[in-house]
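The values are calculated or read from the model by the stated rules, or taken from the named source; none is laboratory data. Please read these numbers as outputs of a predicted model, since none were measured by experiment. Positions of Cβ are generated from backbone atoms using ideal geometry, with glycine treated the same way; all protein chains shown enter the neighbour counts.
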Amino acid sequence: MGDVAAVELIGFLNVFKDRGMTSHDVINRLRKITGIKQIGHGGTLDPMAEGVMAVAIGKACRLLQFLDDDKTYLAEIKLGQVTDTDDVEGKTLSLARDLSHIERAEVELHLKKFVGKLQQIPPIYSAIKKGGVKMYELARKGEAPEEMEARSVEVYSLEFIDFVPPHVTVRVACSKGTYIRSIARDLGQMLGVGGCLSKLLRERSGPFQVEQSQTLDSLKDAGKENFAGFLLPLAQSLRMTTIDCDSEFARKLAHGQVLDGASVTSQTLEEEFYIASLDDKPVALVRLKDGKLIQPEVVLANAAEI
């Protein structure tokens, strides 16, 4: 392969974000490593957090909305400390030094209250926008509201791993928009000593697992000419089935035409979304309409080049 920037790449990348970097830092590093400008990510990680970031390359950026947004985190909560950011990197507002009265069973009992559908109040220092401005930017200027509005989230499971005062270790599987910092804060309030998040590792984001993630250093060391080998196929990343089509139907899909599914493929079509491809190259993300029609939702190929 020649210069990566001269070759149109499309796919997803499972990147490991190191603690101390912003999600935007990761994207900027990848642009420098690859020479590709069109790069996006499927979920912000706070600077103090580390772990999996799902990154879209090229036209895959148009498909970020179709990614599975469920997440799994390994988190360490520090009891006895309250901060303005709800994590240990914020300004300390109060400190409770005596935690001797807190029992392991009490901690475990309160943690069970976080499982299920919840109305959660996000941290003031968050990427949620108000009037087009991120809340953490307003907070830094002293213009944030005293308390955020509650949001609907779901915690699918919360595994209590350990309690070694002042730290509680848990594993949380949750929906998009769930703040683990809020769980840390609220657990501390329930126990009457306050709390904040001290460590956070995102172990999973949709189909992307931390064990298969690539560090920025490993991607840099591999070189531009080998970057394509790290990309994951669209169907795998989006957990969709591929529909193989011939050049005639590929051109029609690329022009945005709605087609009869039976005339495109002999596959039994039962799912809502598919990746239509020609010679293993993605043409479009399509939706099954009325059980038989294939409607292009996101066109990925240039009709003139088919």
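From the list Thr92, Thr83, which residue is touching a residue at least 24 places away in the same chain (Cβ under 8 Å) and either touching a Ser or Thr at 6+ places or on another chain (Cβ under 9 Å) or loosely packed, with under 13 Cβ neighbours inside 10 Å (or both)?
Thr83
Among the residues of the range 59-81, is there at least one that is polar (S, T, N, Q), assigned to a loop (DSSP other than H, G, I, E, B) and out of contact with any Gly (no Cβ under 9 Å at 6 or more places or on another chain)?
No, that holds for no residue.
Identify, please: which residue in the range 252-306 is outside any strand (DSSP E or B), out of contact with any helix residue (DSSP H, G or I) (no Cβ under 6 Å at 6 or more places or on another chain) and small (Gly, Ala, Ser) and is, among those, nearest to Cys61 (Cα to Cα)?
Gly256
Can you name the residue in the range 11-55 that is under 20 Å from Ile128 (Cβ atoms) and polar (S, T, N, Q) and is also surrounded by the most Cβ atoms within 10 Å (Cβ to Cβ) among such residues?
Filtering first and then ranking leaves Ser23.
Since Met53 meets every condition but one in (1) part of a loop (DSSP other than H, G, I, E, B); (2) within 17 Å of Tyr179 (Cα to Cα), which condition does it not meet?
Met53 satisfies all of (1) part of a loop (DSSP other than H, G, I, E, B); (2) within 17 Å of Tyr179 (Cα to Cα) except (1).
Can you work out which of the residues in the range 62-80 that are among the hydrophobic types (A, V, I, L, M, F, W, C) and either more than 20 Å from the chain's Cα centre (by Cα) or farther than 26 Å from Glu154 by Cβ (or both) is surrounded by the fewest Cβ atoms within 10 Å (Cβ to Cβ)?
For the range 62-80, the residue satisfying everything is Leu79.
Is at least one residue of the range 167-184 touching a Gly at 6+ places or on another chain (Cβ under 8 Å), over 30 Å from Gly58 (Cα atoms), exposed (fewer than 15 other Cβ atoms within 10 Å of the Cβ) and not assigned by TED's automatic domain parsing to the domain that holds Asp280?
no
For the range 123-140, check the following and say yes or no: at least one residue is in contact with an Asp or Glu (Cβ under 6 Å, 6 or more places away or on another chain), outside any strand (DSSP E or B) and surrounded by 15 or more Cβ atoms within 10 Å (Cβ to Cβ).
Scanning the range 123-140 turns up at least one residue that is in contact with an Asp or Glu (Cβ under 6 Å, 6 or more places away or on another chain), outside any strand (DSSP E or B) and surrounded by 15 or more Cβ atoms within 10 Å (Cβ to Cβ).
Does the range 150-158 contain any residue that is modelled with pLDDT of 95 or more and closer than 20 Å to Ile102 by Cβ?
yes
Residues are listed down the side, and each one gets a yes or a no for (1) assigned to a strand (DSSP E or B); (2) assigned by TED's automatic domain parsing to the domain that holds Asp98; (3) surrounded by fewer than 18 Cβ atoms within 10 Å (Cβ to Cβ); (4) more than 22 Å from the chain's Cα centre (by Cα):
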| position | (1), (2), (3), (4) |
| --- | --- |
| Leu197 | yes, yes, no, no |
| Lys220 | no, no, yes, yes |
| Asn226 | no, no, yes, yes |
| Ala250 | no, no, no, yes |
